[in-house]
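Single-structure report; data block below.
The values are calculated or read from the model by the stated rules, or taken from the named source; none is laboratory data. Note that this is a predicted model, so its numbers are computed, not measured. Every residue, glycine as well, gets a Cβ built from its backbone with ideal geometry; the counts of neighbours run over all protein chains shown. Side chains included, ligands, DNA and RNA excluded: accessible areas come from the protein's heavy atoms. Shrake-Rupley method; radii C 1.70, N 1.55, O 1.52, S 1.80 Å.
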Amino acid sequence: ELDDAERDEMIQTISQEGQDVLHLVEDLLATARADAGELAVTAVSVNLRAQAAQVLESLDAKSVTGISLQGNSVRAIGDPTRVRQILRNLVSNALRYGGDDIEIVVATEGNAAVVTVSDDGPAIPPDDVERIFQPYQRSSAGRATTASVGLGLSVSRQLARLMGGSLVYRHDRGRSSFRLALPMRALDA
């Protein structure tokens, strides 16, 4: 008894919820593999801007309208699947907990390729900054959301480190930023 618009909206909602569950399972599997010392990453040339664009395309179109993607194509050494997993976690967190003005900036800094996901939302309290990178933890100041179990940042930092990079948080000039830095050439080169 639903009209076409209602049916399409329900199908879109079901599809998006399925994607959310898939991403949660990916994070759970990565955590389990890391705990067992079996989490592996590949080391290939990755276009960070293209990966960020692909993440935005994979998310619900309504939620990503207004997210700006800035910067040129920058190549890093990493695992494309894991880079997308990190970026998806960072963008999802910005959508859940951040402000309305979300930016993704791709750049280089020295020998590192960098993707920064920032928003104009409230700062994470200083006492929570390192805690949010621990499994099953969230900031005490964040909005409660049932879709979050507190694995995304922990998994993302582990993956960044496995690829020879880093993931850090900072709040500056009214913006909360997560900065993923990856090497621009192989570590053993």
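Applying the condition of being among the small types (Gly, Ala, Ser) and over 20 Å from LEU162 (Cβ atoms) to the range 102-120 and asking which residue is most open to solvent (accessible area, probe 1.4 Å) yields GLY110. Of everything in the range 46-65 that is open to solvent by 50 Å² or more (accessible area, probe 1.4 Å) and not small (Gly, Ala, Ser), the residue that is farthest from GLN12 (Cα to Cα) is ARG49. Among the residues making up the range 108-135, those that are in a strand (DSSP E or B), out of contact with any helix residue (DSSP H, G or I) (no Cβ under 9 Å at 6 or more places or on another chain) and not hydroxyl-bearing (Ser, Thr, Tyr) are GLU109, ALA112. For ALA76, the test of being under 24 Å from PRO183 (Cβ atoms), small (Gly, Ala, Ser) and touching a helix residue (DSSP H, G or I) at 6+ places or on another chain (Cβ under 6 Å) is passed.
Quick check, is ARG96 among the basic types (Lys, Arg), at pLDDT below 95 and in contact with a Ser or Thr (Cβ under 6 Å, 6 or more places away or on another chain)? Against the criterion (among the basic types (Lys, Arg), at pLDDT below 95 and in contact with a Ser or Thr (Cβ under 6 Å, 6 or more places away or on another chain)), ARG96 qualifies. Quick check on the range 134-156. Is at least one of its residues at pLDDT 95 or above, within 27 Å of GLY71 (Cβ to Cβ), out of contact with any Ser or Thr (no Cβ under 8 Å at 6 or more places or on another chain) and open to solvent by less than 20 Å² (accessible area, probe 1.4 Å)? The answer is no, given that none of the residues of the range 134-156 is at pLDDT 95 or above, within 27 Å of GLY71 (Cβ to Cβ), out of contact with any Ser or Thr (no Cβ under 8 Å at 6 or more places or on another chain) and open to solvent by less than 20 Å² (accessible area, probe 1.4 Å).
Just a yes or no: is a residue in the range 62-78 of a type in the set (S, T, N, Q) and in contact (Cβ under 8 Å) with a residue 60 or more places away in the chain? No. Within the option set GLY71, GLY78, being more than 25 Å from GLN134 (Cα to Cα), at pLDDT 90 or above and of a type outside the set (A, V, I, L, M, F, W, C) holds for one residue only, GLY71.
Restricting the search to the range 66-101, which residues are in a loop (DSSP other than H, G, I, E, B) and either closer than 23 Å to MET163 by Cα or open to solvent by 40 Å² or more (accessible area, probe 1.4 Å) (or both)? Within the range 66-101, GLY66, GLY71, ASN72, SER73, VAL74, ASP79, ASP100, ASP101 qualify. Scoring ALA107 on the criteria (1) small (Gly, Ala, Ser); (2) at pLDDT below 90; (3) within 20 Å of ARG157 (Cα to Cα) leaves a single failure, condition (2).
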